[in-house]
Amino acid sequence: MRDTKSAEAFSEAGNFLPGGVNSPVRAFGGVDIGPIFIERASGSKIYDIDGNEYTDYVGSWGAMIVGHAHPKVLKAIQTAAQKGTSFGAPTLAETELAERIVAAFDSIEKVRLVSSGTEAVMTAVRLARAYTKKDLIIKMAGCYHGHSDSLLVAAGSGLAEAAIPSSAGVPGPIAKLTVVIPYNDIDAAETAFRIHKGKIAAVLAEPVAANMGVVPPVDGYLQTLRNLCDADDALLIFDEVITGFRLAPGGAQQLFNIKADITCLGKIMGGGLPAAALGARVDIMALLAPAGPVYQAGTLSGNPIATAAANATLDILTKQDCYQKLESSAALLQAGLADAARGANIPVAINRVGSIMSCFFTERKVRNFADVRSTNIKQFKKFFAEMLEHGIYLAPSAYEAMFVSLAHSQQDIEKTIEAAKNSFQMIIDK
Ligand SMILES: *Cc1c(COP(=O)(O)O)cnc(C)c1O
């Protein structure tokens, strides 16, 4: 069992919060043990209320790319807070942040700041529907785009059929406006466009899937999506809430040299505070209120504290070598994990793109959601629990990524590999 204070806290929280948490994965439902409650975090380390220290590979789901409580980010937050915490009126820092985003992404000319990735994607979808005057959205199974109605859907019975709700409370008629296809399946994308020709407003994709664990696009996949959209006057929306500013300053679009029509950003760009954004060409963004007829608003959009944290974080990420450092730390970790698994004779497939990776317990390649679901989840759960015992905090779900940050030192990585050696060993012993 987990330590008493966290267990007690979870039980107490359950009296007041449904499931004891404010976001489902925090309940550790995917790993059959109680969650740790966090006291504080610093750099690559996170501390629970029982005083345990962990090397953190969750990093607030990737938001903490410069590490926890970075002094420059803290200073920016403190300075901003002293001047007032919210005005509901424009500030200079919002323009500065938008300018940074425009500079980083070739495909973005204007930006709307929002408070969450969910809002960014929801607005992107509305914008695409308004721009194309069409209704259907294509998404991929296993990709997550926040919790708006249109996107909490699962594949219907046949390939390229209308989707069905994947959450209670999502009306069937709304789900029917989304088509769900398997990720990395070029034929399925072509088929969907053939069947729904002239009705597709947008293809919405994570350019590197990172919410079913990390699944990179196969060669030519993103280009195929781009071509299909162009041929049918549909927009290509890249949900770069995880990949934006992480894989490169210009996200997956820079890495794979593909331009999206609309880009959604979140997580990293908020520097650990609630800030997210969508951006696109001028002709698309001109449709957004008050410039155009597509309504969207937010009391806390462009909030001065969140914007200060965002600007400070993106400023740190402009320093030379950041992305090389992320790449080399993550490559070292990947090689060490692969080695440790081999040493224990546990078959794994480690998918990695830059500083995001997943260690799947399987002998096969993992290229889509069906592949992920066929991996050995029981082994993952044991591995997770062992790693936690060894002071390594991985995402508490076989369907989530590991996030390497700039704060992870070589010693952190080496300690993690040592822990993995023992943990893989324990999987066979049990
Ligand atoms: C986290 C995430 C979202 C949702 O962002 P929130 O800020 O949690 O609403 C959307 N898309 C992707 C790819 C994400 O990883």
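The numbers here are math on the coordinates, done by the rules we state, and not lab data. All values derive from a computational prediction rather than experimental measurement. Cβ: placed from backbone, ideal geometry, glycine included. Neighbour counts: every protein chain shown.
Under the criterion of Cα pairs below 8 Å and six or more residues apart, the relative contact order for segment 72-319 equals 29 percent. Estimated from the Cβ-Cβ distance and a Förster radius of 35 angstrom, the FRET efficiency linking Ala81 and Thr318 is about 0.90. Magnitude of the charge dipole for segment 72-319, about its Cα centre and with charges confined to Cβ atoms of Lys, Arg (+1) and Asp, Glu (-1), is about 500 debye.
Segment 139-162 and segment 299-365 have Cα centres spaced 26 Å apart. The residue list Pro347, Leu265, Ile242 was ranked by how far each Cα lies along the charge dipole of the chain toward its positive end, using unit charges on Cβ atoms, and Leu265 comes out on top.
For segment 105-119, putting each phi into the Karplus relation 6.51 cos²θ - 1.76 cosθ + 1.60 with θ = phi - 60° gives couplings of 10, 4, 7, 10, 10, 9, 9, 10, 7, 9, 9, 8, x, 4, 4 Hz, in residue order, rounded to whole numbers and with x for Gly and Pro.
Shape descriptor for segment 58-168: Rg over Rh equals 1.05 (Cα atoms; Rh from the Kirkwood inverse mean 1/r).
Putting +1 on Lys and Arg Cβ atoms and -1 on Asp and Glu Cβ atoms, find which of Gln379, Ala335, Val404 reaches farthest to the positive end of the dipole of segment 329-430. Checked the options; the winner is Gln379. Computed over the Cα atoms of segment 308-430, pair by distinct pair, the Kirkwood hydrodynamic radius stands at 15.2 angstrom.
With the Kirkwood sum run over all distinct C-alpha pairs, segment 370-430 has a hydrodynamic radius of 12.4 Å.
Percent of Cα-Cα pairs more than 26 Å apart in the chain, please. In whole percent, the long-distance tail amounts to 56. Across segment 72-82, coupling constants 3J(HN,Hα) worked out from phi with the 6.51/-1.76/1.60 Karplus curve, θ = phi - 60°, read 5, 6, 4, 4, 4, 5, 5, 4, 5, 4, 5 Hz, and Gly and Pro carry x.
Sorting the segments 148-156, 334-342 by their mean number of nearby beta carbons within 10 angstrom, highest to lowest, gives 148-156, 334-342. Along its three principal directions, the equivalent ellipsoid of segment 72-319 from the Cα gyration tensor extends over semi-axes of 31, 19, 16 Å, largest first. Rg over Rh for segment 205-334 works out to 0.99, both radii taken from alpha-carbon positions and Rh defined as the Kirkwood radius. May I ask which of Lys45/Lys267; Lys110/Lys176; Lys139/Lys325; Lys176/Lys378 have a Cα-Cα span longer than 27 Å here? Where the Cα-Cα span goes over 27 Å, the pairs concerned are Lys110/Lys176; Lys139/Lys325; Lys176/Lys378. Each label was represented as a point 7 Å from its Cα along the Cα-to-Cβ direction; for Glu418 and Glu96 these points are 4.2 nm apart. Computed over the alpha-carbon pairs of segment 154-260, the distance histogram in 5 Å steps reads 2, 12, 21, 23, 20, 13, 7, 1 percent, short to long.
Evaluate the distance, in nm, between pseudo-label points positioned 7 Å from the Cα of Lys5 and of Ser328 along their respective Cα→Cβ axes. Rounded to a tenth, the inter-label distance reads 3.7 nm.
In a fully extended conformation the segment linking Glu161 and Ile195 would gain 11.3 nm over its present Cα-Cα distance, using 0.36 nm per residue.
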